[in-house]
1. Exactly one of these conditions fails for A:Phe86: (1) within 14 Å of RNA strand B (Cβ to nearest atom); (2) in contact with a Pro (Cβ under 6 Å, 6 or more places away or on another chain). Give me its number.
2. Does at least one position in the stretch A:208-219 carry a residue that is closer than 24 Å to A:Gln127 by Cα and in a strand (DSSP E or B)?
3. Hey, can you tell me all the residues within the stretch A:331-358 that are more than 24 Å from the chain's Cα centre (by Cα) and open to solvent by less than 20 Å² (accessible area, probe 1.4 Å)?
4. Which one of these is among the hydrophobic types (A, V, I, L, M, F, W, C) and open to solvent by 40 Å² or more (accessible area, probe 1.4 Å): A:Ala230, A:Ala285, A:Ala239?
5. Scanning for something assigned to a strand (DSSP E or B), among the aromatic types (Phe, Trp, Tyr), under 28 Å from A:Cys407 (Cα atoms) and without any contact (Cβ under 8 Å) to a residue 40 or more places away in the chain, does the stretch A:159-174 turn up at least one residue?
6. Can you name the strands (runs of 3 or more DSSP E) wholly within the stretch A:268-357 that have at least 3 residues being under 29 Å from A:Glu256 (Cβ atoms)?
7. Checking the structure you have, find out if any residue of the stretch A:375-390 is modelled with pLDDT of 95 or more, within 16 Å of RNA strand B (Cβ to nearest atom) and out of contact with any helix residue (DSSP H, G or I) (no Cβ under 8 Å at 6 or more places or on another chain).
8. Take A:Ser155 and tell me if it is in a loop (DSSP other than H, G, I, E, B), in contact with a helix residue (DSSP H, G or I) (Cβ under 9 Å, 6 or more places away or on another chain) and either closer than 30 Å to A:Phe398 by Cα or open to solvent by 50 Å² or more (accessible area, probe 1.4 Å) (or both).
Amino acid sequence: MSHAQIASIAQHEGQTVTLRGWIHNSTPRGKLLFIQMRDGSGFIQAVMRKQAVDEELFEAFKRAGQESSVELTGLVKADTRSKLGFELSVTDGKVLQSAEGFPITPKEHGPAFLHDNRHLWLRSKRQFAIMKIRHLSVQAIRNYFDERGFTLCDSPVFTPNACEGTTTLFATEYFGQQAYLTQSGQLYQEATAMALGKTYCFGPTFRAEKSATRRHLTEFWMVEPELAFADLDDIMDLAEDFTVYCVQHVLKHGREYLEMLDRDLSKLECIQKPFPRMSYDEACARLAELGVPVDPEDDFGSPHETELTKQFDRPLLVHRFPTAIKAFYMKEDPDNPLRAMGVDLLAPEGYGEVIGGGQREDDLDLLIRKIDEHELPQEAFAWFTDLRRYGSVPHGGFGMGLERFVCWVCGIRHVRETIPFPRTIDRLTP
RNA sequence: GGGUGCGUAGCUCAGUGGCAGAGCUGUCGGCUGUUAACCGACCGGUCGCAGGUUCGAGUCCUGCCGUACCCGCCA
């Protein structure tokens, strides 16, 4: 007898198979027992008839609580009464461990309770679907860059210096020195891109931001491509093409998971090129037209962002932000030094910033001046300025927050559900 | 860093200053098409913590703790 997987149950129609998994929920109905079983690959309904199995077995399954581990053998039947289209008509089985009082019942629960039980909550159908979509997103990201000649060159997690101020850095002791956990792999990608042309890193990043919002984690995964010989337009083209690829990949391979989450698929189907693009100044003018004016020398906030993205059914690229509010490494607009060659990709439906990036300052003297202006120590950036000393070229890249992407694609409210064990300002466990 | 709301059974919640409640979970029994089943019974309480007002506080006041959401900042 072979063990089958629920995910590929259609191949076994008309056959007798054995499934190994857990009782997701069960409903006794007299001499019938309906078992919602999951095996990690999917969910299926098994029907146990008292007359068809050993009496002791029937009683054992009737007593077995939610999340008991079990083995079930039966005939795979096409059945329209089951949501999957297939049902297991049980002939034999075994309760491996009979569980009692599983805390996450099929009824309603609050977020604090669910997160305290994250190790068990991952077994629910909704979390199963989200983790599958996260996986497909990672697959899409890697495929995209690998198929286009990018070389994976991961940046270090321990770093000696801050690139955007120390208040958002996690500090740690490193053999007697102060070290920080990385909040971006970008500076190192600028080095690898000069060595290999097109590179990317993909790993966890850490930010000690005191942001308790539905869009923030203190530990999150970021993919950061960097290209030599690229200007702002190239970066925007890449961000656009990449986003379309990733969304369409999930849509193509993860339809069943999106349906489990009741995602409106039409909202994802329309994520196609071209994306609307507007400069920051154009965005401010548009906001004024929409009746939400903004001070053009001050960055606009999340309500402004939402108002802007509501105008479109696909992501919006906003470029050329005020230099004053952007990081030291960002290139100034040659046409206007008050504007920097940065770009944000704002996802629709109120999801907001998913990608941030731009063209980097490639002029040695300007970069050294910017480091001073930002009151950063030159010596910490000696290796970074070397990149402009030896064969500087126009270059750029961006970072995409994986969890924000997954949150948008899933159409869920909070990023904390998009990572197996979220780390937020007020949660370190489980 | 700023603002707002909520803490009552394992969970989700109701509770008018006057006897501590419901549904679900769990345990036991019943039921042949359920999928958050249903019917009957049982089990289940430091009303977040500390102080105050009052004849009397789950309920009103103060502080603390926890939690949720919004803003700022970002991906």
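1. Every listed condition holds for A:Phe86 apart from (2).
2. Checking the stretch A:208-219: at least one residue is closer than 24 Å to A:Gln127 by Cα and in a strand (DSSP E or B).
3. Narrowing the stretch A:331-358 to residues more than 24 Å from the chain's Cα centre (by Cα): A:331-341.
Within the stretch A:331-358, A:Asp333, A:Arg339, A:Ala340, A:Met341 qualify.
4. Working: A:Ala230 fails: open to solvent by 40 Å² or more (accessible area, probe 1.4 Å); A:Ala239 fails: open to solvent by 40 Å² or more (accessible area, probe 1.4 Å).
Result of the check over A:Ala230, A:Ala285, A:Ala239: A:Ala285.
5. To start, the set of residues in the stretch A:159-174 that are assigned to a strand (DSSP E or B) comprises A:159, A:171-174.
Keeping just the survivors that are among the aromatic types (Phe, Trp, Tyr) gives A:174.
Next, from what is left, pick out any that are under 28 Å from A:Cys407 (Cα atoms): none.
No, that holds for no residue.
6. On the way: elements: A:277-279, A:316-322, A:336-347.
Of the strands (runs of 3 or more DSSP E) lying wholly inside the stretch A:268-357, those with at least 3 residues that are under 29 Å from A:Glu256 (Cβ atoms) span A:336-347.
7. No; the residues of the stretch A:375-390 include none that is modelled with pLDDT of 95 or more, within 16 Å of RNA strand B (Cβ to nearest atom) and out of contact with any helix residue (DSSP H, G or I) (no Cβ under 8 Å at 6 or more places or on another chain).
8. Details: in a loop (DSSP other than H, G, I, E, B): yes; in contact with a helix residue (DSSP H, G or I) (Cβ under 9 Å, 6 or more places away or on another chain): yes; either closer than 30 Å to A:Phe398 by Cα or open to solvent by 50 Å² or more (accessible area, probe 1.4 Å) (or both): yes.
Against the criterion (in a loop (DSSP other than H, G, I, E, B), in contact with a helix residue (DSSP H, G or I) (Cβ under 9 Å, 6 or more places away or on another chain) and either closer than 30 Å to A:Phe398 by Cα or open to solvent by 50 Å² or more (accessible area, probe 1.4 Å) (or both)), A:Ser155 qualifies.
The values are calculated or read from the model by the stated rules, or taken from the named source; none is laboratory data. Quantities reported herein were computed from a predicted structural model and do not represent experimental measurements. Here Cβ is always computed from backbone atoms with ideal geometry, including for glycine, and neighbour counts include all displayed protein chains. Areas reflect the complete protein model, heavy atoms only, side chains present, ligands, DNA and RNA absent. Shrake-Rupley method; radii C 1.70, N 1.55, O 1.52, S 1.80 Å.
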